[in-house]
Structures are given as C-alpha cells and as structure tokens.
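The values are calculated or read from the model by the stated rules, or taken from the named source; none is laboratory data. These numbers were taken from a predicted model, which means no experiment stands behind them. Counting neighbours? That spans all protein chains shown, and the Cβs are built from the backbone with ideal geometry, glycine included.
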Amino acid sequence: MTQSNKETTVDGLRFFGRMSAAISHDLKNTLSIMNESAGLIEDLALMAENKGRPLDPQRIHQLGATIKRQIQRNDGIVRNMNQFAHSVDHSFKEIGLTANLQMLSTICRRLTDARGVAVAVTPSDPDIGIVTRPFHLLHLVWLLLAWAMDHVDEGKRLSLQARSVQDHVHLECRGIAGATAAAAFPPAPWTELLELLAARVEMDTAQQAIVAVLPRRMAA
Amino acid sequence: MKSIRVLLADDEEELVTALVERLALRGIEADGVSTCEAAVALLREKRYDVAVLDVKLPRMSGFELKKQMVRVAPHMKFIFITGHGSYASFQEGTAEAGRPYYLLKPVDIELLVAKIREITAADGPPPEKEGAP
C-alpha cells in the first residue's frame, strides 16, 4: 500500500467515524426526549397520587404523541444508519443517487446545522441509477459538502442535485460564493479518491456550483 | 428562601419543554430556548442563576454561548449537557464547567436538580425541596 493509499483509507475511516458519531448524537437526543417525556408522565402521576393534583388527560396525550414521534424519528435514524453501514458491503454496486444524497444529507444534518448551513437535495425523478463504489461516492459527497460549507454564499444554503449527461452523471453542489477562486479547487488530497471513482470535479462559476463528473456505469 | 432561576438551551424543543416542566415540579423556575440568539436575548431581559446548555447547538457551540452569556451576566453558573461522548468533547466540557457539571444525555433529572442546587449553593444556602413529586 502506498502512502497515498494509506491516507485515503484513513480519511475514509475518519469519514465513517464522523458520520457514525453524528448518528449516535441524534440517537442520544431522541432517547433524551423520550426519557424526559416518560419521566414527566411519571412525575404527573405521582403528583396526582401523592398531592392530589388533578391529572390533565390532554397533557398525557401530548406526551404520548411526543414519545411516538421520537420513536418514528429514531426508526428513520436507524434506517439511515443501516443503509450507510451497508455502503461498505460491495466494491461496486448500482445505487440510486438521490436516495443516497438524501440519506447522507440527513445523517450529517447536525454537522451542517452547526455551521448554520442548510442543505437541500433536489430529487431526480426517476432516481438516477449509478454503478459505482458506494462508500467512496458518499465520502466524495461529504468532501464536496464540507468544502462548500467553507465557501458558501451569504444565504448559507446549499443544494445537491444529480443529472444524467450522456454516459456520465453530474453531481452538483450549488450555493458557492461567487468570488470563490477556481484555482483552489479541487484540493490535492482528493486526487486518489477521485481516481478510485474514475471521477473529476470542476467548478462552475456561472452556476456558483462545484460539480463531480462520474461515470454512469463504472467498470469493475 | 432563595429561589433558583434556570435558563435552559437545547435545540431539541420537546426536550426543553419537558425539562422546564420537570424542574418546575421540583421547585426550580426555568425558562427554555432552542437557539443561542434566544438565550442571549432572554438573558438581557431576565436574571438567571444557572444556565444549562447543550454542548452542540446550531451555529454556535454551548461553550461559545457561555462566553457570550458571561459578558451579559458575569454572575451566572453553567452546567453542560451533551449527547456527544468523545474524549475531546469531555476534556473541553470539563475544562469549561468543571467535571461535576458536565452531564451526559439522557440526563437523570434528580442528578440535574442536585447539580443545580450544588452549583448555586456557593451564593447562599440551597433551598429546600418544594413540591417534588
């Protein structure tokens, strides 16, 4: 393994760890809300039993609904976590691009929120299928987002979208500040990851976007 | 009897609402906000003894929020709550708040109440438990 291979592998692990930590944070939050809601139901019941304070059925309904909502939210988080974990199963696989963009943007929402940046995925209908290295593609999308957050326009809104162009797919991240210097892009450490994906990235200053150009069907 | 006023900041609104209500049932008057901006704005209007801050807040960390709050209310005490259990986060949190006042989610309400009373005790005797369920 060359030094460059090692760095790409370590960067990949770092990306996997960072996303896993973001997921665990989201799970902790849903658990906390359920913990406090269940605790409050218990408090209110004890107040009714011990102090004769009337129990408000409406409040109990609200707290029950909160717990149900958090269970549904938890289910979504775990579903994304599962999909993300399976991205390392196959070296090559056909995946739906919009579905994966939505999954990743949801997983990293806490990280983008922390920067005050809103990320929206513009869906393709039907979803664009792409044969690629799923985990490396997700890693590239995160690198694009992280770079874009450092160079985001004043509105602090980024959008991700994919479109088919002949036998390639263009994955665009829009919302880059107009004055961003194209010479600084792409960063050198991306080179090996781009090679692994047979991809290139470019800056489209007219669209205030960075664009990853990927083969529609990558050869194994 | 000295009453304690708490300002709670966490971006999870339902968590804030439930915690405010549970603290009230234990005789602690609390207000809750879900953004850093709202926390600072409320602090300019009302006096609080303790802030309970989530470490990870949108646009600003709880530690950065603490710095802004101290400028407005230098007397305030701080307790941090976090769902983020990394060593680096633990180091930073305990450096900011002191080991006993850096709590992991989900938080035990009785522990939180004990910490709020403990951290304010230096300003005077802690109030008796009142109306606790």
**Request:** For segment A:50-57, indicate whether the set of residues that are without any contact (Cβ under 8 Å) to a residue 60 or more places away in the chain, more than 9 Å from chain B (Cβ to nearest Cβ) and assigned to a helix (DSSP H, G or I) is non-empty.
**Result:** yes
**Prompt:** Can you pull out the residues in segment A:98-153 that are among the basic types (Lys, Arg) and within 28 Å of residue B:36 (Cβ to Cβ)?
**Reply:** A:109, A:110, A:115
**Message:** If a residue counts only when it is crowded, with 19+ Cβ neighbours inside 10 Å and not hydrophobic (A, V, I, L, M, F, W, C), which strands (runs of 3 or more DSSP E) contained entirely in segment A:163-215 have at least 1 such residues?
**Reply:** A:168-174
**Asked** So which residues in segment B:45-82 are surrounded by fewer than 20 Cβ atoms within 10 Å (Cβ to Cβ) and either assigned to a loop (DSSP other than H, G, I, E, B) or in contact (Cβ under 8 Å) with a residue 40 or more places away in the chain (or both), if there are any at all?
**Response** B:46, B:47, B:58, B:59, B:73, B:74, B:75, B:76
**Subset of segment A:1-17 that is under 29 Å from residue A:113 (Cα atoms), at pLDDT below 95 and in contact with a helix residue (DSSP H, G or I) (Cβ under 9 Å, 6 or more places away or on another chain) - its residue that is surrounded by the fewest Cβ atoms within 10 Å (Cβ to Cβ)** = A:7
**Message:** Test of understanding: among A:99, A:114, A:118, A:65, which residue is free of Cβ contacts under 8 Å to residues at least 24 places away in the same chain, aliphatic (A, V, I, L, M) and in the same structural domain as residue A:130 (by TED's automatic domain parsing)?
**Reply:** A:114
**Item:** Count of residues meeting criterion [within 14 Å of chain A (Cβ to nearest Cβ) and of a type outside the set (S, T, N, Q)] in segment B:54-79
**Value:** 11
**Request:** Give B:29, B:13 a once-over and let me know the one that is under 29 Å from residue A:111 (Cβ atoms) and surrounded by fewer than 19 Cβ atoms within 10 Å (Cβ to Cβ).
**Result:** B:13
**segment A:29-72: number of residues that are surrounded by 20 or more Cβ atoms within 10 Å (Cβ to Cβ) and over 16 Å from residue B:21 (Cβ atoms)** = 3
**Request:** Scan segment A:18-40 residue by residue and report those that are of a type in the set (Gly, Ala, Ser) and facing another protein chain (nearest Cβ under 10 Å).
**Result:** A:21, A:22, A:24, A:32, A:37, A:38, A:39
**Request:** Search segment A:174-197 for residues that are assigned by TED's automatic domain parsing to the domain that holds residue A:155 and within 25 Å of residue A:220 (Cα to Cα) and pair each with any residue that is surrounded by 18 or more Cβ atoms within 10 Å (Cβ to Cβ) and of a type in the set (Lys, Arg) when their beta-carbon atoms are under 8 Å apart and the residues are at least 6 apart or on different chains.
**Result:** A:196/A:133; A:197/A:133
**Complete:** Among A:167, A:150, A:204, the single one that is in the same structural domain as residue A:113 (by TED's automatic domain parsing) and within 23 Å of residue A:113 (Cα to Cα) is A:150
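Sort out which residues of segment B:2-25 are assigned to a loop (DSSP other than H, G, I, E, B), within 11 Å of chain A (Cβ to nearest Cβ) and in contact with a Pro (Cβ under 8 Å, 6 or more places away or on another chain), and write them in order of number.
Result: B:11, single match.
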**Complete:** Per the filter on segment B:83-95, residues within 14 Å of another protein chain (Cβ to nearest Cβ), hydroxyl-bearing (Ser, Thr, Tyr) and in a helix (DSSP H, G or I) are B:87, B:89
**Prompt:** Across segment B:32-44, which residue is nearest to residue A:32 (Cα to Cα) among those that are more than 11 Å from the chain's Cα centre (by Cα), buried (at least 19 other Cβ atoms within 10 Å of the Cβ) and within 14 Å of chain A (Cβ to nearest Cβ)?
**Reply:** B:34
**Item:** Residue ID - nearest to residue B:74 (Cα to Cα), chosen from residues in segment B:96-113 that are assigned to a helix (DSSP H, G or I), more than 14 Å from chain A (Cβ to nearest Cβ) and over 12 Å from the mean Cα position of the chain (by Cα)
**Value:** B:96
